[in-house]
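Take a look at the structure set out below.
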Amino acid sequence: MKQTDLRAPALAAAVRPATPQQRAARAARNGGEPTLEFAERVPYDAYVHASTLHRLQQPLSDDPGEMSFLMVSQIMELYFGLTCHELREAQSCLRADRVWDALVPLRRAAMHLEGLNAAWKGLRWMTPADFNRFRNLLGEGSGFQSAMYRHLEFLLGLRDPALIRPFRRQTEVYDELCAVLAAPSLWDDVVALLARRGSDVPAEVLERDVAEEHRPHPALEAAWVAVYADSGPDNHLRLLGEALAEVAEQFGDWRWNHVKAVQRTMGAKVGSGGSAGLAWLQRSMARVVFPELWSARTAM
């Protein structure tokens with residue numbers, strides 16, 4: 001997804017760079033107290049846009065619990081976007097053969113996914129009766145329709161071109177999702193890296209249509225077995241495998257937490273977006289992120 005240009009004139013006017021010397025001088029003038037007067041917009045708000053964020057909640061009912069549901073959903077959307085940002089940075093490093101540098105954004109991505117998982121705790125209070133008080137007002141609205149979640153799935157290698165159809169009338173969103181589908185996933189970049197580092201990766205894997213979901217291949221499983229056989233500190237590919245495993249595990253935890261949240265609040269009712277609800281989510285969990293990284297462990 002497109003990133004906001006933080007160099008926009010309005011932002012630059014309110015958020016001015018400051019050196020350590022300037023900060024020290026300001027603290028001296030203030031006698032150690034925080035600055036309370038600004039010529040323009042408060043710099044924190046200009047940077048974080050907090051006042052804008054807190055105007056984005058528009059509940060459909062007067063039920064006080066709906067605000068929790070709405071805001072936790074928005075928090076999750078932000079985490080989806082942040083995780084995508086980190087995975088794209090990791091892809092850039094891998095494509096440049098900078099495996100060590102790729103570990104940092106991958107570790108951050110795993111931590112962001114951990115924060116994403118923690119967000120579910122904000123909805124543990126919700127029973128079916130609590131959800132039913134405002135659920136009907138959501139109409140066909142469903143988390144299934146999150147474009148940023150779909151973006152995250154595509155980056156991780158879970159690819160189903162049919163799932164971008166709901167966004168066809170949102171041209172910009174649709175075009176962005178099409179672009180993600182047309183480009184290699186993070187796992188595709190990892191596979192290409194393994195091939196460049198000497199692993200025997202078949203042409204059928206390297207040259208496949210990246211818009212379609214990756215199918216596990218025994219040659220890739222064997223490649224990871226060989227990578228993990230070297231336990232030396234300079235084996236950056238093994239460290240890469242562990243960083244990827246943490247990302248996949250945290251993402252899997254989110255999917256499982258989603259299943260549990262639906263069980264708690266809806267049981268086996270049909271989903272708001274037209275799916276079978278719980279049954280559809282349970283089936284979707286069978287799709288594994290970075291499959292050979294996991295299956296290789298049996299042969300290690």
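Report ³J(HN,Hα) in whole Hz for each residue of the stretch 92-104, in order, from the Karplus equation J = 6.51 cos²θ - 1.76 cosθ + 1.60 where θ = phi - 60°; Gly and Pro get x.
Coupling constants for the stretch 92-104: 4, 5, 5, 5, 9, 6, 9, 4, 4, 5, 5, 5, 5 Hz.
Rank 81, 32, 139 by mean-square fluctuation in a GNM of the chain with C-alpha springs under 10 angstrom and give only the top-ranked residue.
32
Check which residues have an amide H placed less than 5 Å from residue 288's amide H, if you skip close sequence neighbours.
none
What share of Cα pairs, in percent, lie more than 16 angstrom apart in the stretch 151-247? Walk me through the intermediate numbers first.
On the way: 2782 of 4656 pairs.
It works out to 60 percent of all Cα pairs.
What 222 nm value per residue comes from the helices of the chain, counting each DSSP H run with n ≥ 4 as -39,500 (n - 2.57) and dividing by all residues, nearest 500 deg cm²/dmol?
Value at 222 nm, helices only: -19000 deg cm²/dmol.
Find which of 164, 128, 206 sits farthest along the positive direction of the dipole of the stretch 123-232, computed with +1 on the beta-carbon of Lys and Arg, -1 on that of Asp and Glu, about the Cα centre.
Checking the options against the dipole of the stretch 123-232, the answer is 128.
Note down the accessible area of residue 260, probe 1.4 Å, to the nearest 10 Å².
About 80 Å², rounded to the nearest 10.
If I take every Cα pair under 8 Å that is 6 or more residues apart in the chain, average their sequence separation and divide by the length, what percent do I get for the relative contact order?
Relative contact order here is 20 percent.
Given springs between every Cα pair under 10 Å in a Gaussian network model of the chain, which of 286, 28, 102 has the largest fluctuation?
28
Taking Cα centroids, how far is the stretch 72-117 from the stretch 256-270 in Å?
Using only Cα atoms, the two centres lie 27 Å from each other.
So which residue, out of 24, 223, 243, gets the largest mean-square fluctuation from a GNM of the chain using Cα contacts under 10 Å as springs?
Result: 24 has the largest fluctuation of those listed.
Where Lys and Arg each count +1 and Asp and Glu each count -1, what net charge lies around residue 95 among other residues with Cβ under 13 Å from its Cβ?
Local charge sum for residue 95: -2.
Just to be sure I understand the model, the point goes 7 Å from the Cα along the line to the Cβ. What's the resulting residue 25 to residue 171 distance in nm?
According to this spin-label approximation, the distance is 5.0 nm.
Cα-based Rg (one decimal) and Dmax (whole number) for the chain, in Å?
22.7, 68
The values are calculated or read from the model by the stated rules, or taken from the named source; none is laboratory data. These numbers were taken from a predicted model, which means no experiment stands behind them. FYI the Cβ positions are ideal-geometry reconstructions off the backbone, even for glycines, and counts take in every protein chain you see. Accessible surface areas use protein heavy atoms only, side chains included; no ligands, DNA or RNA. Shrake-Rupley method; radii C 1.70, N 1.55, O 1.52, S 1.80 Å.
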